[in-house]
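Okay, so here's the structure we're looking at.
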Amino acid sequence: MKIFIKNLPKEFTEEELNDLISHYGTVVSVKILTDSDSGESRGCAFVEMGSREDALFIIKKLNGEPLKENVLVVDA
């Protein structure tokens, strides 16, 4: 199941996001969306989880949580 994460810090990398999420379940893939012109992060990502249960758990745990100076928005 894929989840969508918004409001990531712009400097956050796919590796850092994978490390954060993998504490809560099996991560299949992580893709941070970038601006096509500048290549800079748009502050959001798609994360594919190994199971629906893992995805729902991450949504419950991380939605509304602070990360650096941002508050994460996590949804399916």
### Query
With no solvent and one point on each alpha carbon, what is the Debye value of log10 I(q)/I(0) for the chain at q = 0.11 Å⁻¹?
-0.24
### Summary
Given a 1.4 Å probe, the accessible area of the chain per residue, as a whole number of Å², is 62
### Query
If you average the sequence gap of Cα pairs under 8 Å that are 6 or more apart and divide by the length of segment 1-53, what percent do you get for the contact order?
48
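If you place +1 on the Cβ of every Lys and Arg, -1 on the Cβ of every Asp and Glu, and leave all else neutral, what size is the dipole of the chain about its Cα centre, to the nearest 20 Debye?
320
Just the number, please: carbon plus sulfur as a percent of the accessible area of the chain, 1.4 Å probe, no ligands or DNA/RNA counted.
47
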### Cross-link table K31/K61; K31/K68; K10/K31; K10/K68, entries beyond 18 Å C-alpha to C-alpha
K31/K61; K31/K68
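The values are calculated or read from the model by the stated rules, or taken from the named source; none is laboratory data. The model shown is predicted, which means the values in this text are computed figures rather than measured ones. Backbone-built Cβ (ideal geometry, glycine too); neighbour counts: all protein chains shown. We work out accessible area using only protein heavy atoms, side chains counted, and drop any ligands, DNA or RNA first. Shrake-Rupley method; radii C 1.70, N 1.55, O 1.52, S 1.80 Å.
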